[in-house]
There are 2 protein chains.
Amino acid sequence: MSVGIRHDDLRRRNRAMVISAVRRASQPSRTEIAATTGLSHSTISTISSDLISEGILAEAKFSEPVSMKRGRPQVGLMLDADAASVVAVVLSLNSLSAAIIDYAGNTVTEETRRLVTQQMPAEALVDECVGMVRRLIDSAGASGGAVLRIAIAVQGITDAASRKLLWSPITRYDDIPFADRLEQEFGVPVSVENDCNMIAEALRWRDPVRYRDDFIAILLSHGIGMGLVIKGELFTGTQSSGAEFGHMIHRPDGALCRCGRRGCIEAYAGNYAIWRNARVGDENAEPLADLSDDDIRAVADAARDHDGPEREAFRKAGEAIGFGLGSMFALFDPAPLAFVGVGATAFDIMEPHVRAAIAKTAGGLHSKAISFDTEPNEVPLKREGAMMRALLAVDQEIFAAGTAPRRAGADVA
Amino acid sequence: MSVGIRHDDLRRRNRAMVISAVRRASQPSRTEIAATTGLSHSTISTISSDLISEGILAEAKFSEPVSMKRGRPQVGLMLDADAASVVAVVLSLNSLSAAIIDYAGNTVTEETRRLVTQQMPAEALVDECVGMVRRLIDSAGASGGAVLRIAIAVQGITDAASRKLLWSPITRYDDIPFADRLEQEFGVPVSVENDCNMIAEALRWRDPVRYRDDFIAILLSHGIGMGLVIKGELFTGTQSSGAEFGHMIHRPDGALCRCGRRGCIEAYAGNYAIWRNARVGDENAEPLADLSDDDIRAVADAARDHDGPEREAFRKAGEAIGFGLGSMFALFDPAPLAFVGVGATAFDIMEPHVRAAIAKTAGGLHSKAISFDTEPNEVPLKREGAMMRALLAVDQEIFAAGTAPRRAGADVA
DNA sequence: AGTATTTTTTCGAGGCTCGAAAAAAAGAGC
DNA sequence: GCTCTTTTTTTCGAGCCTCGAAAAAATACT
């Protein structure tokens, strides 16, 4: 099972701790790092001077002299932006975008283009990714650090090893091996991640106070996605990316879902379902393939304006989400929620029904205490999440190990 | 956040690895331990001779000479039964039992008695536990190692810190602080655990091949309980023991549940629900407080014998369980299942309906591959689970640390 | 009885972290 | 302007820990 700790793991782990402390805090001093990691000052001193000489960290030159205290001033440590760079790719329905990001997290170059993903062969999808990444790397030229990692946030179900796109609403094809192809093309590790998991990862970095150890991100768009952080870790399935909240069953044998099954939460709360209930009035009608943001906003406006099928459609959506959350809360207790995507703009209409449904479930005891937050624009979140995923991999897997700690160190000295 | 690895943690962790390897395997040799832990032979040699001199491990005297190989024969290591002992307490509806178990896992003494738990004040429940543990410790006398840990498996929801019984069907009272009282009484750490979690823990030790990293134990009795192991760890809630499968929502605003809410899985699949559907025919009728095993077996026999309300009741139960599992599998992919308790004797009637329901959900793709296993007798499983929980705590928290590694070691030498 | 083989222990080397002390870098006080 | 105080950072020696190699131990084979 779990393996013993070798002597050389010790350094690797503690280097990882230091890098992680610097990435998390803003220019922490060595003393602060010692405090947060619990390691001694001398250890932090040794490790950080190693990392600086390897070009991974740098001392902040003009740290604002916040101190105004006596004594030697603290000198902040920061990530050396030129230590490396990563590529964050976001692939969604009819849209592909990518960016090169330096080691400190600044965007170097980016590109976005529209594609008709549902009508492209699987090969072509991968080719588009490869092409865009290639162009970005070429345009960035020799500036900054070498690209050490690529992360792709993609709508759909990925495998647990983050290598393939198992299934996605953006294409008719299954099992598309994005990672293998891109690794072969660029010679760096590639991971393929579910977009909602990346949204959760991004929220954690945007607001570490609210979204710390346990929270839930729900993407309300054409379908319903979820990113789940439990006990400080992204919750993924054992074989897939997991957390397919949209396909939990709300009503057995109920409304027709885009996935072909019946009664899924998505079949009540996805944009297509809300539109169908509001405008078609038949929950068994074939789901629309796509729906513009304006379409759904129009339904929301109508629902706000007067009672009628639109308002009823949002009631059903809120109810489905609420009962689904209630079932989840039976499994692992309530947690703060973030609603992301176009649907979040209409969340005000759904919220009372979500709360009413949760109140009827095991999560009901705390239903008033559960915090809801909305963020309409999911695109930057997906990119930030993929970026953080890639950067953290560089931190932990490459820089913590210390590329040839003896040989490279000797070269430098 | 996570804290750095201090120099002394290293030894503690590797000692823990060795102890754990010995507990898991049956009399492994030092060489085998080195292989499974990945540590060097010299390290294993040092650590194991320390552990032997501290009286935690012992060399097996007459290990069957399975080898028949040339060379120095391997000498198996085993846990020293006298190193310590633990108490495993199982508290269920109308029944309390406890046992003293030595460090090697052998039962030293045990006692069981019937109580009318629902009519006892909270204090009296705790008093009964204290009294029984006291009698056991007294009767065991000075034989064996000192009691270093107590674990209580109790039906109901416990808090995440395993200290209190938050809610339980066995009593009208909430927030009963079992751990505090018992610790005060016996001066050793006490943990209060959900009984189904202990069932899962026990299954892992009974059949480590089938129940390894991901599996689900479902207790089919008056209510429905669940113990969940995901990625090698017992899955608990963030604030409570979690995995309240029985109170996931099967049908919004559906049948009346024992918990007062509506539509819970338990309200269709708990013994009282099956009995109610079979014999009362009104899913809103007030649930019975208790039901004998014979009652439910009679319904099962009737269902097997002829079509009618009994068979229909089991169909509804299987359907509720199947859809609930399907919803869970949307979150974390399918896993092997063990059905435990009286209800498991009737599982043959439910199985086709469980599978049919799962097939209608996101878990349906693999519905045929999901393995079902039944074990009617839950009582020994609860005890074994509590025992393992307590023993592992002694392993990891007490013996791995090495009580005063310098001073005690010096005393021995 | 001697040799081959496998397991276990011993021993020295190298690495890592730690605590204490020293060095560095500022503000405070006169 | 100089010294003292305070705080941060580095340096240095000590103590552990793990590792690899070699030695020792224990058995089967010839």
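Numbers below:
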quantity	calculated
Flag if A:Pro376 is in contact with a Ser or Thr (Cβ under 8 Å, 6 or more places away or on another chain) and within 11 Å of chain B (Cβ to nearest Cβ)	no
Criterion: within 29 Å of B:Arg261 (Cα to Cα), out of contact with any Asp or Glu (no Cβ under 6 Å at 6 or more places or on another chain), buried (at least 21 other Cβ atoms within 10 Å of the Cβ) and among the aliphatic types (A, V, I, L, M) - qualifying residue of B:Met387, B:Met328	B:Met328
Residues that are more than 8 Å from chain A (Cβ to nearest Cβ) and within 15 Å of B:Pro169 (Cα to Cα), drawn from segment B:247-260	B:Cys257, B:Arg258, B:Gly260
Members of segment A:108-141 found to be free of Cβ contacts under 8 Å to residues at least 12 places away in the same chain and not in a loop (DSSP other than H, G, I, E, B), listed by number	A:Gln119, A:Glu123, A:Ala124, A:Asp127, A:Gly131, A:Asp138
Per-region count, segment B:70-97, residues under 18 Å from the mean Cα position of the chain (by Cα), of a type in the set (A, V, I, L, M) and under 19 Å from B:Ile150 (Cα atoms)	7
Candidates B:Val87, B:Val75, B:Val108 - the one that is more than 30 Å from A:Gly38 (Cα to Cα), outside the structural domain of B:Gln119 (by TED's automatic domain parsing) and either more than 11 Å from DNA strand D (Cβ to nearest atom) or in contact with a strand residue (DSSP E or B) (Cβ under 7 Å, 6 or more places away or on another chain) (or both)	B:Val75
Among the residues listed as A:Ala179, A:Ala243, the single one being small (Gly, Ala, Ser) and at pLDDT 95 or above	A:Ala179
Looking only at segment A:31-49, and only at residues there that are in contact (Cβ under 8 Å) with a residue 40 or more places away in the chain and either under 21 Å from B:Asp9 (Cβ atoms) or loosely packed, with under 15 Cβ neighbours inside 10 Å (or both), the one that is farthest from DNA strand D (Cβ to nearest atom)	A:Ile33
Residue satisfying condition, being more than 14 Å from every other protein chain (Cβ to nearest Cβ), of a type in the set (D, E, K, R) and near DNA strand C (Cβ under 9 Å from one of its atoms), within set A:Lys69, A:Lys61	A:Lys69
Qualifying residues in segment B:350-387 (those that are farther than 10 Å from B:Gly322 by Cβ and polar (S, T, N, Q)) - the one modelled with the lowest pLDDT	B:Ser371
Residue that is surrounded by the most Cβ atoms within 10 Å (Cβ to Cβ), among those in segment A:276-295 that are out of contact with any strand residue (DSSP E or B) (no Cβ under 9 Å at 6 or more places or on another chain) and aliphatic (A, V, I, L, M)	A:Ala278
Qualifying residue in segment A:154-175 (condition: surrounded by fewer than 24 Cβ atoms within 10 Å (Cβ to Cβ), assigned by TED's automatic domain parsing to the domain that holds A:Leu291 and β-branched (Val, Ile, Thr))	no
Matching residues in segment A:343-367 - criterion: being assigned to a helix (DSSP H, G or I) and charged (D, E, K, R)	A:Asp348, A:Glu351, A:Arg355
Residues satisfying the stated conditions in segment B:254-284, i.e. assigned to a loop (DSSP other than H, G, I, E, B) and touching a residue at least 24 places away in the same chain (Cβ under 8 Å)	B:Gly254, B:Ala255, B:Cys257, B:Arg258, B:Ile265, B:Gly270, B:Gly281, B:Glu283, B:Asn284
Residues that are within 23 Å of B:Leu219 (Cβ to Cβ), assigned to a loop (DSSP other than H, G, I, E, B) and hydrophobic (A, V, I, L, M, F, W, C), drawn from segment B:142-160	B:Ala160
Residue in segment A:12-27 that is more than 11 Å from DNA strand C (Cβ to nearest atom) and assigned to a strand (DSSP E or B) present	no
Test: A:Ala25 is more than 11 Å from DNA strand D (Cβ to nearest atom), touching a strand residue (DSSP E or B) at 6+ places or on another chain (Cβ under 7 Å) and aliphatic (A, V, I, L, M)	no
Criterion: free of Cβ contacts under 8 Å to residues at least 24 places away in the same chain, away from DNA strand D (no atom under 12 Å from the Cβ) and of a type outside the set (Asp, Glu) - qualifying residue of A:Met68, A:Met17	A:Met17
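A quick yes/no check of all residues on (1) out of contact with any Gly (no Cβ under 6 Å at 6 or more places or on another chain); (2) β-branched (Val, Ile, Thr); (3) farther than 29 Å from B:Ile176 by Cα:
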| position | (1), (2), (3) |
| --- | --- |
| B:Leu10 | yes, no, yes |
| B:Ser49 | yes, no, yes |
| B:Ser53 | yes, no, yes |
| B:Ala58 | yes, no, yes |
| B:Met78 | yes, no, yes |
| B:Ala99 | yes, no, no |
| B:Thr109 | yes, yes, no |
| B:Leu115 | yes, no, no |
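Okay, residues lined up against (1) of a type in the set (Val, Ile, Thr); (2) within 12 Å of chain A (Cβ to nearest Cβ):
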{"position": "B:Met17", "(1), (2)": "no, yes"}
{"position": "B:Ala21", "(1), (2)": "no, yes"}
{"position": "B:Ser26", "(1), (2)": "no, no"}
{"position": "B:Glu32", "(1), (2)": "no, no"}
{"position": "B:Ala35", "(1), (2)": "no, yes"}
{"position": "B:Thr43", "(1), (2)": "yes, yes"}
{"position": "B:Gly76", "(1), (2)": "no, no"}
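Every residue, every condition in (1) in contact with a Leu (Cβ under 7 Å, 6 or more places away or on another chain); (2) of a type in the set (Ser, Thr, Tyr); (3) at pLDDT below 95, yes or no:
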| site | (1), (2), (3) |
| --- | --- |
| B:Glu266 | no, no, no |
| B:Tyr272 | yes, yes, no |
| B:Ser292 | no, yes, yes |
| B:Arg304 | no, no, no |
| B:Glu312 | no, no, no |
| B:Phe323 | no, no, no |
| B:Gly326 | no, no, no |
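The values are calculated or read from the model by the stated rules, or taken from the named source; none is laboratory data. Small disclaimer: the values here were computed from a predicted structure and weren't measured. Because the Cβ atoms are built from the backbone with ideal geometry, glycine has one as well, and the counts that use them run over all protein chains shown.
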